[in-house]
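Working notes, beginning with the structure itself.
The values are calculated or read from the model by the stated rules, or taken from the named source; none is laboratory data. Remember, it's a predicted structure, so these values are computed and weren't measured experimentally. Note that we place each Cβ from the backbone using ideal geometry, even for glycine, and neighbour counts take in every protein chain shown. The area values use the complete protein model at the heavy-atom level, side chains included, leaving out ligands, DNA and RNA. Shrake-Rupley method; radii C 1.70, N 1.55, O 1.52, S 1.80 Å.
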Amino acid sequence: MKKIAIFVSGGGSNFKAIYNNIENGNIPGLIELVITNNPQCNAKKFALRIGIETVIVNDHRYPNNKDKENIILDHLQNWNIDLICLAGYMKMIPQNIIKLYQNKILNIHPGLLPKFGGKGFFGIRIHKAVLDSGEKFSGATVHFVDEIYDNGPIIAQRKIPINKNETPKSLEKRILKIEHEIYSEVIKAFCEDRIIIDNTQITIME
Ligand code: GRF
């Protein structure tokens, strides 16, 4: 069983979807650890409810960045974490951790990368930008995390057509639904060692 750490900052619906897919036997993994910068978020409340160790790492508790990095790293190592899943995590992962966990950190993005990604593209802003630019499709992307925001190798994408009278809110809602599916599918593939990385080429084996 792969040991998973989930990093969250907000509502936690992706976290819940992953958890449910583990509970129903779809994903052969174990969520051992939750890291959050936001002690108030719903994702943290959910982690508490299901009894997963949750560590709060933010400027308030650890003003020094090196301390933040060390506390995260200590926990990842103590739990022997195999896979880090960013699920609505709003902070940068320290460079050192990215290096140590190369090809072991996943992120879900509510847009079709490489478009509509990078600094400033988060939450409802992504969906507004997509609609403003007259795109015919949007969707969700799962990618490995590297040193640059939303830049790492793409593992999977799912597209949906933009409806007539679509609003940023309606698009957000429709995409969140496919995020839950595609993210769990990729995590399942990771946990079953079915993601093959050959230089820049990523294949999910059936
Ligand atoms: C999702 O849209 C995810 O793609 C983005 O942040 C949102 C988090 O939603 N990175 P939730 O906290 O999983 O409900």
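For the reader, a short list of remarks on this structure follows.
- Scan the stretch 69-88 for residues that are open to solvent by less than 30 Å² (accessible area, probe 1.4 Å) and either part of a helix (DSSP H, G or I) or closer than 24 Å to G139 by Cβ (or both) and the total you get is 9.
- Scanning the stretch 72-102 for residues that are among the hydrophobic types (A, V, I, L, M, F, W, C) and within 16 Å of the ligand (Cβ to nearest atom) turns up I84, C85, L86, A87, M90, M92, I93.
- Taking the conditions (1) in contact (Cβ under 8 Å) with a residue 24 or more places away in the chain; (2) among the charged types (D, E, K, R); (3) exposed (fewer than 14 other Cβ atoms within 10 Å of the Cβ) in turn, K173 satisfies each one other than (1).
- Residue ID - farthest from the ligand (Cβ to nearest atom), chosen from residues in the stretch 105-120 that are under 30 Å from E69 (Cβ atoms) and surrounded by fewer than 19 Cβ atoms within 10 Å (Cβ to Cβ): P114
- Matching residues in the stretch 56-68 - criterion: being of a type in the set (D, E, K, R) and open to solvent by less than 60 Å² (accessible area, probe 1.4 Å): K68
- Across the stretch 14-55, the qualifying residues are those that are more than 16 Å from the ligand (Cβ to nearest atom) and not in a loop (DSSP other than H, G, I, E, B), and the one among them that is surrounded by the fewest Cβ atoms within 10 Å (Cβ to Cβ) is E23.
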